[in-house]
Amino acid sequence: MKAIVQDRYGPPGVLELREVDKPSPAADEVLVRVHAASVNAYDWHFMRGHPYVPRVVMGLRRPRTPIRGRDFAGRVEAVGREVTRLRPGDEVYGEADGTFAEYVCARSDAVDLKPANLTFEQAAAMPLAANTALGGLRDAGQVQPGQRVLINGASGGVGTFAVQVAASLGAEVTGVCRARNADLARSLGADHVIDYTREDFTRTGRRYDVVFDGVATRTLTDLRRAVTPTGTLLLAGGGEPGGVLGAMGLLFKALALKPFVGQRLVPVVGPAPRWENLAALRELAEAGKITPVIERSYPLDEAPAAIRHMEVQHARAKLVINVA
């Protein structure tokens, strides 16, 4: 099968389209013929090996998982002997390492039926980003109807889902993005939009019950200034690749400060994929409460170009890899 493979850390040029062996599912896995995958910050972190500390898990000199990609949507081709919830022919979506490929094996508990009203490309845009938004706002943030919620990075891959999830929970939503993306944020459910090039949301005097930060470009002091004294700050990663800690430095500071302040400081990074969350997202999509926003689709052999675009940090919503 064809796959996007890397043998060392580095820029997008380390990614190559190659022929590799087609995988076989373990007892608790499904083999999926990938129709589409999507690009996440997760991919360029693994591509470059930045920040350095996670290399203890990712692989010290090269990634332990050589095929890039995390999200996918496709059709089940085979199932392991312990899998009973899914069957060959099912249209599914989910998370697994190595999805920039024609086939992927995924744990069945990280896979669910694809939303019936979405294309494979739309469904592939959802798993990691939408799961981060749902896990952060619904579970960690415990957002309630009528609460004031601010989404920093409202036009990004995670942010576009965060705006929609917050709106579906009944919150009064403020989105922070560039002026050119204001109409997009409003169309997704933002009641108010702040153009960060003209107004600093941390210095307006307005405070929010929940602040969801998906870009990690502000200091912890700045972000806390926008949160009510007993409110919740959700730190959902982001930041530019590079350095020893990268955006993890912000998370470590929050964890160190957490016991000493009245605000809830909650890291929301890489929530474990669960089919139950995918099922909840499927229900929201089929009810019209979540619609993936795709800026551009790339063929499989142009996946390096897609990740290069992601690195710029100004991708509008999601970038998708059209595999089939």
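The values are calculated or read from the model by the stated rules, or taken from the named source; none is laboratory data. Just so it is clear, the model here is predicted, and its values are computed rather than measured. Counting neighbours? That spans all protein chains shown, and the Cβs are built from the backbone with ideal geometry, glycine included. What goes into the accessible areas is simple: the full protein's heavy atoms, side chains included, and nothing from ligands, DNA or RNA. Shrake-Rupley method; radii C 1.70, N 1.55, O 1.52, S 1.80 Å.
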Where does each of 291-297, 204-210, 184-190 land if you order them by average Cβ count within 10 Å, highest first?
184-190, 291-297, 204-210
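With all protein chains present, how much of the accessible area of the chain (probe radius 1.4 Å) comes from carbon and sulfur, to the nearest whole percent? Show your work: numbers first, answer last.
On the way: 6820 of 13640 Å².
Solvent-exposed carbon and sulfur of the chain make up 50 percent of the total.
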Springs between alpha-carbon atoms under 10 Å, Gaussian network over the chain: tell me which of R18, R198, R138 tops the mean-square fluctuations.
R198
Packing-ranked peptide list from 155-161, 257-263, highest mean Cβ count within 10 angstrom first, is 155-161, 257-263
Work out the charge dipole of the chain with +1 on the Cβ of Lys and Arg and -1 on the Cβ of Asp and Glu about the Cα centre, then indicate which of P271, A27, I4 is farthest towards its positive end.
P271
Cross-link candidates for K289: which lysines have Cα within less than 24 Å, leaving aside residues fewer than 8 places away along the same chain?
K114, K318
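Given Cβ point charges of +1 (Lys, Arg) and -1 (Asp, Glu) and nothing else, what value in debye, to the nearest 20, does the dipole of the stretch 168-227 about its Cα centre take?
Working: 10 positive and 9 negative charges, 40 e Å.
About 200 debye.
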Which lysines does K2 reach when only Cα atoms under 20 Å apart count, and residues fewer than 8 places away in its own chain are ignored?
K22
So what's the gap between the Cα centers of the stretch 81-110 and the stretch 186-202, to the nearest angstrom?
38
Partner lysines for K253 [C-alpha distance under 19 Å; skip if fewer than 8 residues away on the same chain]
none
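Calculate, for the chain, the solvent-accessible area per residue in square angstrom, rolling a 1.4 angstrom probe over the heavy atoms of the protein chains.
Numbers: 13640 Å² over 324 residues.
Value for the chain: 42 Å² per residue.
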Given [x] 15.5; [y] 20.8; [z] 16.8, which label gives mean projected area of the Cα convex hull in nm² as computed from the coordinates?
[x]
